[in-house]
Structure formats: C-alpha cells, structure tokens
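The values are calculated or read from the model by the stated rules, or taken from the named source; none is laboratory data. All values reported here derive from a predicted model rather than from experimental measurement. Don't worry about glycine lacking a Cβ; one is built from the backbone with ideal geometry, like all the others, and counts go over all protein chains shown.
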Amino acid sequence: MITVVSGLPRSGTSLMMQMLAAGGMEVLTDGQRSPDADNPQGYYELERVKRLKEDSSWLADADGKAIKVVSTLLYDLPLDY
C-alpha cells in the first residue's frame, strides 16, 4: 500500500510529508526542489510524479512509503493504486 499525500498548492502537503517522515514513515523524495522561504524544510517532491501518465512502473518500489501527488495529477495514478 502506498500513502498518497495530495492537495492544492500551498495547502500543507509538504508539512504532512514532514510529519509522516518524523513519525517514521519512509517518504519518497528526490530533493531536486531546494528549500526556500516558503518551505524552509523542503518540498518533499518527486519529479517522477509529474510523469505518472507516461511511466508509473516505479510505483511498485513505493510500497509502504508516502508520495506527494498534487491534486491535478491524481487522475494519472493507475487504477490499481
């Protein structure tokens, strides 16, 4: 099972990912988007999520982990997830 954190921009998704990580859940992030004044702890994003429609093969490696998927990309998740 994958834990999906989703929401609109600036809705607290990065904070939720941070809380899950602090609670011991492994979160998938690539660190490509650097922390800034808006999110000093980082964005907890994974670039692969933006290409879910083209390639979702990596989701098998996400089992038991949390990923952040902005609300507009939820429809790109395969139905079995």
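The residues of the stretch 30-81 that are of a type in the set (A, V, I, L, M, F, W, C) and more than 17 Å from residue 3 (Cα to Cα) amount to a single one, 37. For the stretch 20-42, residues that are more than 21 Å from residue 80 (Cβ to Cβ), at pLDDT 95 or above and surrounded by 14 or more Cβ atoms within 10 Å (Cβ to Cβ) total 4.
Taken over the stretch 17-38, residues that are in a helix (DSSP H, G or I) and more than 10 Å from the chain's Cα centre (by Cα) amount to 5. Filtered by the rule that a residue be surrounded by 14 or more Cβ atoms within 10 Å (Cβ to Cβ) and charged (D, E, K, R), the stretch 59-76 gives 65, 68, 76. Out of 14, 56, one residue alone is among the polar types (S, T, N, Q), surrounded by 11 or more Cβ atoms within 10 Å (Cβ to Cβ) and within 12 Å of the chain's Cα centre (by Cα). It is 14. Scanning the stretch 26-76 for residues that are farther than 17 Å from residue 9 by Cβ and either touching a residue at least 60 places away in the same chain (Cβ under 8 Å) or among the hydrophobic types (A, V, I, L, M, F, W, C) (or both) turns up 27, 28, 52, 58, 59, 60, 62, 63, 64, 65, 66. If residue 80 passes every condition in (1) surrounded by fewer than 11 Cβ atoms within 10 Å (Cβ to Cβ); (2) in contact with a helix residue (DSSP H, G or I) (Cβ under 7 Å, 6 or more places away or on another chain) but one, which one does it miss? Unmet condition: (2).
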